[in-house]
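Report on the structure given below.
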Amino acid sequence: MSQKELSAYIKDTGNSLTYHISNRDSFEMAVSVIRPELLGKKIQSVQNARYFLLSFSRHGREALSQVGNINKYAQLNNNLSFNLPQYCRLIVDRKDTVRLANYAFNNTYGLAASNNILLVFQLPAAKKNYMLTIDEIGFGLGQQKFEFDRTKVDNLYQISIIK
């Protein structure tokens, strides 16, 4: 597949590699399994690592820039920039908890359609599934759980990318 085709394949919710949630206040959260090759930068892939892209938006714009209160903005920015390991974890086969190996939050100060965070987990082999758990960070959604089938995630990493 080309990078564009692979990106569309990941975003197609029917493939169970992307999940969206929203609330009545037009706040949206999305999480996708992502291949590092699709991030537009040279990122060295780490063996046995899985990459997830977490996005927050409201009314099609960055959610962080719309919190309306400087103290809440500062707290959320701090959580997203420095405290994410306290809020995100991956549960493998509903028993083993894996902490974030690395993450990257790029604050674009209201200039993008969403706030995006790259999450990287160094994983033991799973038999069935990965469940990404995200605790309440400060956007008012509460704890969210996203379950990914191991076979579908592994198959994503087997797709050849045509340059």
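List of remarks:
- Using just its DSSP H runs of length 4 or more, each adding -39500 (n - 2.57), the chain gives a mean residue ellipticity at 222 nm of -5500 deg cm²/dmol after division by all residues.
- Using the Cβ-Cβ distance between Arg94 and Lys4 with R0 = 35 Å, the FRET efficiency computed as 1/(1 + (r/R0)^6) comes to roughly 0.50.
- Farthest toward positive dipole pole in the chain [+1 Lys/Arg, -1 Asp/Glu at C-beta], among Ser81, His59, Gly40: Gly40
- Scanning residues 5 or more positions from Ser114 or on other chains, those with amide H under 5 Å from its amide H are Glu62, with H placed 1.01 Å from N in the peptide plane.
- Considering every alpha-carbon pair of region 49-131, the percent of pairs per 5 Å bin, from zero through the bin containing the longest distance, is 3, 14, 23, 20, 15, 11, 8, 4, 1.
- Given charges at Cβ of Lys, Arg, Asp, Glu: the chain dipole, positive-most of Ser22, Asn155, Gln144: Asn155
- In region 72-137, the chymotrypsin sites (Phe, Trp or Tyr not before Pro) that fall in loop regions by DSSP, at most 15 other Cβ within 10 Å: Tyr109
- Region 17-40 and region 117-142 have Cα centres separated by 12 Å.
- Spacing of the two label points (7 Å from each Cα toward its C-beta) at Phe82 and Ser16, in nm: 4.0
- Which label in [x] 338; [y] 118; [z] 105 gives the computed volume of the Cα convex hull per residue in Å³: [y]
Laboratory data are not the source of any read-out in this text; all were calculated from the coordinates shown. Small disclaimer: the values here were computed from a predicted structure and weren't measured. Heads up, the Cβs are rebuilt from the backbone with ideal geometry, glycines too, and the neighbour counts pull from every protein chain shown.
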